[in-house]
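Worksheet: the structure to be examined is printed underneath.
The values are calculated or read from the model by the stated rules, or taken from the named source; none is laboratory data. Everything numeric in this text was worked out from a predicted model, so none of it was measured. Note: ideal-geometry Cβ built from the backbone for every residue, glycine included; neighbour counts use all protein chains shown. Quick note on the areas: whole protein, heavy atoms, side chains included, nothing else; ligands and nucleic acids left out. Shrake-Rupley method; radii C 1.70, N 1.55, O 1.52, S 1.80 Å.
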Amino acid sequence: MNGYMSFQQLSEATSVPETTVQRYVQKFDAYFCYEIRNRGKKFHPESIRLLQIIISLYQTDYDTEEIKEHLSKKVFFNSILT
């Protein structure tokens with residue numbers, strides 16, 4: 001996918017309910033790359049990978065603070081912006 005994506009598109013791509021995607025984006029806002037457009041936020045396609053990591057960590061019993069710590073150690077997302 002080349003274009004920025006809506007919450008609904010992220011939901012479809014990750015097979016996670018849209019409300020859960022919105023909650024994860026809210027909790028981990030600092031890690032998502034997005035643009036604010038007329039109808040809300042649109043997310044970089046790499047957000048799918050980030051959501052998959054977050055989902056996987058929750059499934060392996062990480063809590064929110066542990067996930068934030070884990071993500072803060074990763075540079076994978078910043079590398080796509082340069």
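The table below lists the values:
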| read-out | value |
| --- | --- |
| Exposure ranking of 35, 46 by accessible area [1.4 Å probe, largest first] | 35, 46 |
| The chain - percent of accessible surface contributed by carbon and sulfur, probe 1.4 Å | 45 percent |
| Acute angle (nearest 10 degrees) that the helix 47-59 long axis makes with the longest principal axis of the chain, alpha-carbon atoms | 30 degrees |
| Relative packing of 22-34, 57-69, which averages over residues the other C-beta atoms within 10 Å, highest first | 22-34, 57-69 |
| Among (1) 3, 16, 31, 30, 16, 4, 0; (2) 3, 15, 28, 27, 18, 8, 2, 0; (3) 3, 12, 13, 11, 10, 9, 8, 7, 7, 6, 5, 4, 2, 2, 1, 1, the entry derived from the coordinates for P(r) over Cα pairs in 5 Å bins from 0, in percent | (2) |
| Average accessible surface area per residue within the chain, 1.4 Å rolling probe, Å² | 65 Å² |
| Lysine pair number, Cα distance threshold 19 Å (strictly under), the chain, separation 8 or more or different chains | 5 |
| Sequence of 11, 72 from largest to smallest accessible area, 1.4 Å probe | 72, 11 |
| Between 0 and 90°, nearest 10: helix 18-27 axis offset from the chain longest Cα axis | 60 degrees |
